[in-house]
Amino acid sequence: MATILLIEDDEILLDVLRYNLEQAGYAVETASDGVSGLELSRRIRPDLVILDVMLPRLDGFSVCRTITRESLVPIVLLTALQDESHRIAGLELGAIDYVVKPFSMGELLARTRSILRWNERRHQTPHADQLQAWNIRLDRAGRRVWLDEHEIDLSNKEFDLLACLMAHMGIALSRDLLLEYVWGADFLGSNRTIDVHIRWLREKLEPDPANPVLIRTVRGIGYCFENPAAEQQQPTSSEQAAS
């Protein structure tokens, strides 16, 4: 049975969410402020965190930032903020999804099931531990990335997306395929999520993010990870003729 940590300060909504999640077959732990929620997350190690943004003592963005630095647990943000920049900020901090209030219980339960299935598949899929391209080294087991000798701080989704691209180097991957591979086939969000995360990766990894050489846009398809070093090592036609 999956355990869900629900962090919400509205007592009525907290009770409604807890009841429906328990009826759906999940074990539910609750907290009504950011500090208590963070402490509970560290103690029980839940399978999913559903986190309100506007919390007393410690806001949801701060809680999200800390949890994603300390663990790989997926986080869904609950927010009444309609501005897109706030929702993007939550994704950038490592949340896997967000639900805007007011929302239907059916929608939240569907997203919960989708994320938990994705998380289970992610842990069952075998991968090569080390990926290397140009000056980028990725350690899947340790979930760490280095650019030259400097470690790069990536969110959970940025890491998974980069690992997917590097594992299929030189192959154009569609947005839908990337979305399914990284977020899961049941993810209900838009594939625009891919574009946002690609932009963030380019800003962290590309020498010139405006003119990317690593993560190339393939018009009408999606994205392709290239290795500039491999291209530089290809012999020219004159070199081939001389050999």
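For the reader, a short list of remarks on this structure follows.
- Taking the criterion of being exposed (fewer than 15 other Cβ atoms within 10 Å of the Cβ) and either modelled with pLDDT under 80 or among the aliphatic types (A, V, I, L, M) (or both), the residues of the range 177-195 that qualify are 185, 186, 188, 190.
- Inclusion of residue 16 among residues that are surrounded by fewer than 17 Cβ atoms within 10 Å (Cβ to Cβ), touching a residue at least 40 places away in the same chain (Cβ under 8 Å) and either more than 16 Å from residue 156 (Cβ to Cβ) or not charged (D, E, K, R) (or both) is warranted.
- The sole residue among 59, 9 that is touching a Ser or Thr at 6+ places or on another chain (Cβ under 6 Å) and surrounded by fewer than 22 Cβ atoms within 10 Å (Cβ to Cβ) is 9.
- Candidates 59, 47, 10, 52, filtered to the one that is farther than 28 Å from residue 153 by Cβ and either of a type outside the set (A, V, I, L, M, F, W, C) or over 23 Å from the mean Cα position of the chain (by Cα) (or both): 10
- Qualifying positions in the range 196-220 - in contact with a strand residue (DSSP E or B) (Cβ under 8 Å, 6 or more places away or on another chain), surrounded by fewer than 18 Cβ atoms within 10 Å (Cβ to Cβ) and either among the aliphatic types (A, V, I, L, M) or in a loop (DSSP other than H, G, I, E, B) (or both): 206, 218
The values are calculated or read from the model by the stated rules, or taken from the named source; none is laboratory data. Everything numeric here is computed off the predicted structure, so don't read it as measured data. Every residue, glycine among them, receives a Cβ derived from its backbone with ideal geometry; neighbour counts consider all protein chains shown.
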